[in-house]
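The values are calculated or read from the model by the stated rules, or taken from the named source; none is laboratory data. These numbers come from a predicted model, not from an experiment. Neighbour counts are summed over all protein chains in view; Cβ atoms, including those assigned to glycine, are modelled from backbone coordinates with ideal geometry. Protein only, heavy atoms only, side chains kept; ligands, DNA and RNA dropped before computing areas. Shrake-Rupley method; radii C 1.70, N 1.55, O 1.52, S 1.80 Å.
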Amino acid sequence: MEPLTCSVSDLAPLFGATAANDTSSAAAAAAATYLCSRFSTLSNSLSDTSYAVNNTYLLFSAYLVFAMQLGFAMLCAGSVRAKNTMNIMLTNVLDAAAGALSYYLFGFAFAFGSPSNGFIGHHFFGLKSVPSPDIDYSFFLYQWAFAIAAAGITSGSIAERTQFVAYLIYSSFLTGFVYPVVSHWFWSGDGWASPTRTDNLLFGTGVIDFAGSGVVHMVGGIAGFWGALIEGPRIGRFDHTGRSVVLRGHSASLVVLGSFLLWFGWYGFNPGSFLTILKAYGGSGGYYGQWSAIGRTAVTTTLAGCTAALTMLFSKRLLVGHWNVIDVCNGLLGGFAAITSGCSVVEPWAAIVCGFVASWVLIACNKLAEKFRYDDPLEAAQLHGGCGSWGVIFTGLFATKRYVNEVYTGRPERPYGLFMGGGGRLLAAQIIQVVVIVGWVTVTMGPLFYLLKKTNLLRISRDDEMAGMDLTRHGGFAYVYHEEDDPSQKPALMMRRIEPTNESTTPDYQNSPTTNV
């Protein structure tokens with residue numbers, strides 16, 4: 001909000017001050033001084049109110065994004081077998097906890113420490129010099145919620161077979177370094193591909209990744225891909241002929257609950273990325289402003305997710321012959337992940353196209369994963385990596401001229417979507433984003449997971465995996481109906497190991513009296 005100003009010298013003549021009458025001049029000057037002081041007080045009050053409203057909006061959005069952690073936890077818990085429920089929920093808690101410290105100490109500075117070079121920030125370590133005229137604590141909280149969302153995506157890919165210490169190491173590294181560098185490139189005003197940078201923009205536009213199809217979803221998905229690939233599939237996921245064996249999660253109810261919580265949180269994820277709400281477009285006093293763009297962003301987010309869910313519903317019905325709520329939930333989330341990049345700069349009808357294609361991208365990625373014996377219990381790499389990549393490309397095709405110029409001000413006639421008549425420069429920038437994110441995450445997270453594997457810190461033992469980590473690592477199963485049925489109360493059972501006769505056969509723990517729900 002522009003400050004309002006008042007000048008005594010300009011106001012005094014309006015009260016009849018003349019050079020020939022000292023008395024009238026003194027009275028007029030006193031009146032002008034008094035009015036200007038009142039005017040300044042009112043101006044300061046309006047400015048304070050503007051800061052308070054915008055910060056409250058950002059804090060509320062941060063709370064919504066953080067609520068997505070609960071959604072991730074429930075989605076992950078329902079997607080794994082009952083014998084690993086406590087383990088996966090604990091890793092989700094620690095993604096947030098470990099991520100908070102690493103992002104506070106290093107991550108936020110690497111991402112938004114300004115002034116800096118185009119590659120990495122180097123101010124605000126440990127929130128030093130915060131708040132400042134440009135950054136307040138609410139902005140840190142919002143960006144931290146985004147960082148731990150990326151870590152939460154990765155945890156789903158390596159579920160049911162990963163050592164606890166590996167979660168702590170990769171989560172801290174991802175939120176403290178890998179993700180912040182990417183967010184600096186595309187979201188900081190100093191980043192080499194940022195659309196808000198005033199000079200040396202990539203193809204004269206920079207990358208439009210409004211809420212993070214690339215920055216968040218691709219980073220988390222590609223990191224999860226390398227973790228799951230290096231770790232290898234779960235025991236029993238593929239038989240001796242290489243044929244896929246379904247290891248179903250134990251609770252569709254938790255999957256649906258988690259999906260709805262993520263849906264709810266996405267209204268902070270996408271619309272909240274405007275960061276402020278009190279901003280008029282084309283002059284004040286009208287009904288149209290940033291508040292309208294925020295509403296439109298919520299609409300495009302909704303339409304993309306719903307379209308992807310329905311497309312997945314009928315597609316899987318045709319492909320496999322039945323209605324599957326798990327697939328529908330994954331399709332819904334795939335649509336959300338895809339629209340996240342262009343949600344603020346596309347028309348609502350284009351969001352429907354985005355969601356429709358996203359569902360088929362997810363189906364194709366799952367088919368490839370099965371063909372190459374890649375095991376991801378939550379389809380996280382396929383969903384966030386594959387659909388996130390499509391979302392970045394989609395923005396380069398469908399971003400509209402009017403919305404791009406409203407959201408990304410300061411540069412006239414900015415390039416926009418190829419299919420909307422804006423040429424190919426924005427699309428070229430978007431393709432470069434996909435390539436550099438895949439490359440950066442590969443050269444950072446790939447070697448980390450490989451090092452963890454070589455030092456025997458990545459995967460649990462065969463016996464522990466067969467018995468389930470809840471029993472061997474966390475003191476007992478998540479679901480116990482009667483205390484006498486709890487194996488953790490029987491030390492002899494705790495020490496016993498199951499010796500399977502065939503790797504393709506996994507004991508059905510989820511139907512045992514102590515684990516079935």
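At-a-glance table
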| quantity | calculated |
| --- | --- |
| Amide H within-cut-off set for Gly113, under 5 Å, with H built and near neighbours excluded | Gly121, His122, His123 |
| Amide proton proximity set for Thr162, modelled H, under 5 Å, gap of 5+ | Ile460 |
| In Å², nearest 10: area of Asp327 left accessible to a 1.4 Å probe | 20 |
| Difference of contour (0.36 nm per residue) and Cα-Cα distance, Leu127 to Ser461 | 116.2 nm |
| Convex hull (Cα only) mean projected area of region 142-286, reported in nm² to one decimal | 12.9 |
| Among Gly242, Phe177, Gly191 the positive-end extreme of the charge dipole of region 106-262 (Cβ point charges) | Gly242 |
| Exposure of Tyr403 as accessible area (Å², to 10), given a probe of 1.4 Å and all protein chains | 20 |
| Heavy atoms of Val246 accessible to a 1.4 Å probe, total area in Å² rounded to 10 | 100 |
| Exposure rank, largest accessible area first [Val392, Val328, Val165; 1.4 Å] | Val165, Val328, Val392 |
| Calculated [θ] (222 nm, deg cm²/dmol) that DSSP helices of n ≥ 4 give over the chain, each run adding -39,500 (n - 2.57) | -18500 deg cm²/dmol |
| Net charge dipole size for region 95-202 [Lys, Arg +1 and Asp, Glu -1 on Cβ; Debye, nearest 20] | 160 |
| Count, lysine Cα pairs under 25 Å in the chain, 8 or more residues apart or across chains | 6 |
| Accessible area in the full protein assembly, largest first, 1.4 Å probe, for Lys401, Lys367 | Lys367, Lys401 |
| Listed residues Trp323, Trp266, Trp226, Trp291 arranged by accessible area, highest first, probe 1.4 Å | Trp323, Trp291, Trp226, Trp266 |
| Å² of accessible area per residue within the chain, as computed with a 1.4 Å probe and no ligands counted | 42 |
| Built amide H within the under 5 Å cut-off of Phe238, gap 5+ | Val245 |
| Förster-model FRET efficiency, 51 Å R0, Ala30 and Val443, C-beta, rounded to 0.05 | 0.15 |
| Calculated from backbone phi, Karplus (6.51, -1.76, 1.60) coupling profile of region 79-94 in Hz, x at Gly/Pro | 8, 9, 6, 4, 6, 10, 5, 4, 4, 5, 5, 5, 5, 5, 5, 6 |
| Length released on extending from Phe314 to Phe60, taking residue separation times 0.36 nm less the Cα-Cα span | 87.8 nm |
| Gain upon complete extension [Arg402, Asp134; 0.36 nm per residue less C-alpha separation] | 93.8 nm |
| FRET efficiency, Thr196 to Glu370 (Cβ-Cβ, R0 45 Å, nearest 0.05) | 0.65 |
| For region 226-244 versus region 141-175, the gap between their alpha-carbon centres in whole angstrom | 21 |
| The chain, accessible surface, carbon-and-sulfur percent (1.4 angstrom probe) | 65 |
